[in-house]
Amino acid sequence: MSNSIIQIKDVNKWFGDFQVLKDINLEVEKNKKIVVCGPSGSGKSTLIRCINRLEEHQKGQIIVDGTELSEDTKNIEQVRAEVGMVFQQFNLFPHLSILDNCTLAPIWVKKLPKIQAEELAMKQLEKVQIADQAKKFPGQLSGGQQQRCAIARALCMEPKIMLFDEPTSALDPEMIKEVLDAMVNLAKAGMTMIVVTHEMGFAKEVADEVIFMDEGMIVEKAETKEFFANPKNDRTKLFLSQIL
Amino acid sequence: MNKINFLKPNKDNFYTYFYTGGFLFLLSFLDVFLNSFFKINITSFLPEFLSFMFPLIIGTIGLHLIRIEYSGLKNLDLLNKHINTNNFNAILTLLIIFIILKSTPQTMSWFILDATISGDSKEACTGSGACWTYIKIWFNRFMYGMYPNEFQWRINVSFIILIALAFVGYFSGEKLKKYLTFYYVIIYPIIAFIVIYYLISGGHFGLEWIETGAWGGISLTFIVSFFCLIFCFPIGMMLALGRRSELPTIKYISVGFIEFWRGVPLITVLFMSSVMFPMFLPQDFFLDKLVRVIIAISLFEAAYVAEVIRGGLQALPRGQYDAAKSLGMGYWKMHIFVILPQALKLVIPGIANTFLALVKDTPLIFVVGLLEIVGMLNLAKTNPKWLGFAMEGYVFAAIIFWIICYAMSKYSYNLELKYKTDR
């Protein structure tokens, strides 16, 4: 066995009659940063949502850190606790303060004592530089701050893998950088990351590999330098010419 | 609102307009006031139709004249901005004020001036107004129903205990705060049941047993409403979750339950609870009439509560579920900590609505022979010594219900404000 932390084998998924994922094969090694790009509707969000089973795949195998995703709810909850996720729309809990957003899951899922959970949360909030907002509610924060809080919230579960689903797409341009900076710091700290994004600058800076998806298939997968300098597939070339 | 057709007199004319307009406006008031309170018609020299319309015409002209832009007088500007924006609004304003003025004397005289409260029999009521003597004499019955007079202190004591215990939340220290929900949802109803069972019902510790058929009046309204509110809420919540469950058995049981109870009138439910329900029970199994009624109303209202809560659940964006799941929360943790707090906050107005309806539905328990306040009224108005005072009785009941419901609605507004966390 390789030291892959995520193994995706021949995964297929349909929404009704429409096939969103076609024979996806992917292995992600520990501490690697993967950027997934592609036009909208290409199935990239669905793919990473399958990794923590927010979507179910209908055929194939997904193994996360040695646990295969199946109907077994215990397995799924265990996997989810190890896989952090950051969403396009932040999805903070609006009825809880920033601090409570971060401590909720550690207290109730990981059963940490409250004081310890709060210390951990403050540490993570410090890392994304919004520790001073801890007592506020999500509605009082800017988009960038909310997204950074969402990152901190996911990190509070001390996950082994972080999934990012277009984390900067819903942000105003001037706030994108602060979120990307937080992600770069996280990458440098050695987190295993899969990032769906259109921010090619970010991809160039931190990604080990870039995957290009179109129409539910992985069209091209290459080392970052190779991917940008020397794309092989025509569709990749077209996409890159439009986005860069 | 954007276009207020202000008059724009220049500085010199300002006071001419202001005083003429003001005078005409006040004159119209004076006319209506004298007319309704003292029956004096100062415009009797005019033809009848003109005399009738006089205040309206004068008042409109008056308001028209004082509609001055940036008059510099704060109150006049406020008046112009809010109720005197154009002639149509001016007429509406005048009409509303005139109708209130016209109806005040009659209302006042019925309620207070010509009303009687002294004496202790029907003969004392000679005036043309309300006979509050009737309410006074029957007050005990309206409060306690047929509960024996000498034992009424038991009801008073239990209500005082329960009200005192309800305020525990205000005095609890920081340390106990987290147990408050548990206290109010589980402990408090149990205490309430024990207090009511031992103190009001009696039969233990040397207290005489008083059957529930004798309970009545406002105290019964409170008892029934209280327990129904407490029971129907959690049941409704479970049904709402059940209806959205992915397990078909749970889902269809919930749907069936909700649709059944929403489809039948409360009065038939109550009737069945008292007449048919005992037939299905084993012979030696006895369930008190009051308990059966409370169960019936709770289940009935739970179906409504369920649909209200379901509305709140559906209003939440899917991202909230995704986020909770992605943090490793299971079904119950997700619902208890993330979904329900937000959904319930959204449906406070709807829940308040259902609860008000519930309180106002309680008089229907007369069909099983339980007489709360309206039931007692119906009984009292057929008493041969006190015929003909139905009006006073219903006004009294209306006031009581209004106070209860207004308090509840105020409380629900406060809750809404308290849990408002978005900007």
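The values are calculated or read from the model by the stated rules, or taken from the named source; none is laboratory data. These figures come from a predicted structure and were not determined experimentally. Because the Cβ atoms are built from the backbone with ideal geometry, glycine has one as well, and the counts that use them run over all protein chains shown. The accessibility values were calculated without ligands, DNA or RNA, using every heavy atom of the protein model including side chains. Shrake-Rupley method; radii C 1.70, N 1.55, O 1.52, S 1.80 Å.
Structure above, values below:
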item: Loop-located GluC sites (Glu not before Pro) in segment A:187-244 whose Cβ has at most 15 other Cβ within 10 Å (DSSP); result: A:GLU215
item: Per residue solvent-accessible surface (Å²) - chain B, probe of 1.4 Å; result: 57 Å²
item: Over 21 Å (Cα to Cα) - which of A:LYS74/B:LYS177; A:LYS114/B:LYS177; A:LYS33/A:LYS225; A:LYS59/A:LYS204; A:LYS22/A:LYS59; A:LYS74/B:LYS345 fall in this group; result: A:LYS74/B:LYS177; A:LYS59/A:LYS204; A:LYS74/B:LYS345
item: 0 to 90° range, to nearest 10: angle between helix B:48-65 axis and chain B longest Cα axis; result: 90 degrees
item: Residue-normalised accessible area of segment A:164-242, expressed per residue, 1.4 Å probe, Å²; result: 47 Å²
item: Net lengthening on full extension, B:THR126/B:TYR419 (0.36 nm per residue, minus Cα-Cα); result: 100.1 nm
item: About the Cα centre, charge dipole magnitude for segment B:14-113 (Lys/Arg +1, Asp/Glu -1 at Cβ), debye; result: 140 debye
item: DSSP-defined antiparallel bridges as percent of all bridges, the protein assembly as shown, nearest 5; result: 50 percent
item: Whole-Å distance, taken between Cα centres, linking segment A:195-244 and segment A:1-78; result: 19 Å
item: Cα centroid separation, segment B:400-415 to segment A:98-122 (Å); result: 38 Å
item: Net length gained if the chain between B:ILE40 and B:GLN314 were fully extended (0.36 nm per residue, minus Cα distance); result: 92.4 nm
item: Linear extension gain, B:LEU247 paired with B:PHE271, 0.36 nm per residue minus alpha-carbon span; result: 5.2 nm
item: Förster radius 60 Å - calculated FRET efficiency between B:TYR19 and A:LYS74 (Cβ-Cβ, nearest 0.05); result: 0.10
item: Using alpha-carbon coordinates, inclination of helix A:234-243 to the longest axis of chain A, degrees; result: 40 degrees
item: Unmatched cysteines, chain B - criterion: no other Cβ of a Cys under 4.7 angstrom; result: B:CYS228, B:CYS232, B:CYS405
item: Net dipole in debye of the protein assembly as shown [+1 Lys, Arg Cβ; -1 Asp, Glu Cβ; about Cα centre; nearest 20]; result: 820 debye
item: Buried on assembly, segment A:85-115 (at least 20 Å² less accessible surface than by itself, 1.4 Å probe); result: A:PHE87, A:ASN91, A:PHE93, A:PRO94, A:HIS95, A:LEU104, A:ALA105, A:TRP108, A:VAL109
item: Label point at A:LYS237 placed 7 Å out along Cα→Cβ; residues across segment A:20-44 whose backbone nitrogen lies under 19 Å; result: A:38-39
item: Euclidean distance between Cα centres, segment B:329-384 to segment B:193-240, Å; result: 14 Å
item: Cut-off of 10 Å, at most 15 other beta carbons, DSSP loop: longest stretch of chain B lacking such chymotrypsin sites (Phe, Trp or Tyr not before Pro); result: B:287-418
item: Förster radius 56 Å - calculated FRET efficiency between B:TYR70 and B:ILE161 (Cβ-Cβ, nearest 0.05); result: 0.35
item: For the pair A and B, total buried accessible area rounded to nearest 100 Å², probe 1.4 Å; result: 2100 Å²
item: Label-point gap, in nm, between A:SER142 and A:GLU223 - each point 7 angstrom along Cα→Cβ; result: 3.9 nm
item: Share of carbon and sulfur in the accessible heavy-atom surface of the protein assembly as shown [1.4 Å probe, %]; result: 63 percent
item: Residue-averaged 222 nm ellipticity for the protein assembly as shown, from DSSP H runs of 4+ at -39500 (n - 2.57), nearest 500; result: -17500 deg cm²/dmol
item: B:GLU48/B:SER103 FRET efficiency (R0 25 Å; Cβ-Cβ; nearest 0.05); result: 0.70
